[in-house]
Amino acid sequence: MSEMRKKHLTQLRKNQADSARDKTGTASNSLAGTLRFLAVSEFVLNQDKRTFVENLVEAATLRRNLIERFEAGEDISPSYVSMMSYKSLMDALAAGDVQAAKDIAAKMGGRSSIESEYDRPFDLAFGYALKHIVLSDVDSVGQWLDALEVASKDPENKDFAGYAKMLKAIVDKDVPQANAALSDVVAGHKRQCTGKGLCKDTEDELLCVWGVAVANLARMHGVQVDPIEPLIPRDLLV
């Protein structure tokens with residue numbers, strides 16, 4: 001699978017560079033998805049951290065550019081500028097690139113009509129909480145952490161409750177609670193890698209990219225969490 005997607009990369013780059021093919025952003029999104037897959041596969045198969053970082057930052061930047069193009073009046077699909085763009089922010093954080101993360105966070109949010117159509121309460125609260133923590137906007141994060149705690153109690157979000165606990169621990173500068181939350185993140189991730197889980201049959205089965213992301217976010221804020229091998233490896237933590 002990895003070799004096949006490497007072969008497709010050249011064509012995907014051509015598609016993305018073609019303004020007609022990428023009119024709504026689908027070619028950029030497709031290229032970003034393949035770059036993310038190759039980032040993970042190269043690290044898991046070859047311990048290639050450089051490719052992991054470079055591909056994730058490029059993928060995140062492509063999706064940030066979609067927001068900028070939308071703002072400039074291009075015919076970009078609204079789904080690419082909803083609060084689900086936090087997924088790109090997580091890629092930048094997993095890569096350990098603080099500036100890329102801040103650039104994306106600064107572009108996220110403020111589109112209530114789109115968010116009401118595309119974002120579930122958990123994703124909305126998670127995205128805004130991430131945004132404000134990355135930008136060190138502590139005055140704005142509280143309401144979203146409260147909303148995230150409520151949303152995480154919904155049974156359909158139980159496997160992601162660790163992320164809500166993690167963000168609160170980061171804001172509270174609570175290292176023991178952050179390590180406990182990271183363990184919950186990994187436990188939930190493992191469940192999501194089975195059955196009809198979000199991570200089943202994806203590159204995330206072998207590496208908890210979101211777990212790496214929040215662990216890096218914690219460390220960026222002085223909360224020195226521990227790795228949880230092999231899903232959150234020490235080599236990828238800042």
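The values are calculated or read from the model by the stated rules, or taken from the named source; none is laboratory data. Bear in mind the structure is a predicted one, so any value in this text is a computation, not a measurement. Ideal geometry is used to build each Cβ from the backbone, glycine not excepted, and the neighbour counts take in all protein chains shown. The protein model used for the area step is the full one, side chains on, heavy atoms only, and it has no ligands, DNA or RNA in it. Shrake-Rupley method; radii C 1.70, N 1.55, O 1.52, S 1.80 Å.
List of remarks:
- Efficiency of FRET from Cβ geometry, ARG219 and HIS8, R₀ 35 Å, rounded to 0.05: 0.55
- Accessible-area value, HIS8, 1.4 Å probe, nucleic acids and ligands omitted, Å²: 100 Å²
- Counting lysine pairs in the range 1-124 that sit 8 or more residues apart in sequence, or on different chains, and whose Cα atoms lie under 28 Å apart gives 19.
- Scaling the Cα radius of gyration of the chain by the globular reference 2.2 N^0.38 Å produces a ratio of 0.97.
- Average accessible surface for the chain: 46 Å² per residue, computed with a 1.4 Å probe over protein heavy atoms with every protein chain in place.
- Column: log10 I(q)/I(0), Debye, Cα scatterers of the range 1-86, q = 0.20, 0.24 Å⁻¹: -0.89, -1.13
- Per-residue [θ]222 nm for the chain (sum of -39500 (n - 2.57) over DSSP H runs n ≥ 4, rounded to 500): -21000 deg cm²/dmol
- The slack in the chain from LYS173 to ASP137, taken as 0.36 nm per residue of separation less the alpha-carbon distance, amounts to 11.5 nm.
- Length added when fully stretched, SER19-ALA106, from 0.36 nm per residue minus Cα-Cα: 28.8 nm
- Sorted peptide list for 147-153, 199-205, criterion being average Cβ within 10 angstrom, highest first: 147-153, 199-205
- Protection proxy ranking, highest mean first, for peptides 169-179, 136-146: 169-179, 136-146, where packing is the per-residue count of other beta-carbon atoms within 10 Å, averaged.
- Annotation: Cα Rg of the range 80-146 relative to the compact-globule expectation 2.2 N^0.38 Å equals 1.02.
- Bridgeable aspartates and glutamates around LYS153 (alpha carbons under 18 Å apart, same-chain partners fewer than 8 residues away excluded): ASP119, ASP123, ASP184.
- 17 Å cut-off, amide nitrogen to a point 7 angstrom out along VAL186 Cα→Cβ, residues in the range 216-234: 216-219, 224-234
- Packing-based ranking of 213-220, 101-108, 21-28 yields 213-220, 101-108, 21-28, ordered from highest to lowest mean Cβ neighbour count within 10 Å.
- Gaussian network model of the chain, Cα within-10 Å springs - most flexible of ALA60, ALA32, ALA187: ALA187
- Only protein heavy atoms count here; under a 1.4 Å probe, ARG50 has an accessible surface of about 150 Å².
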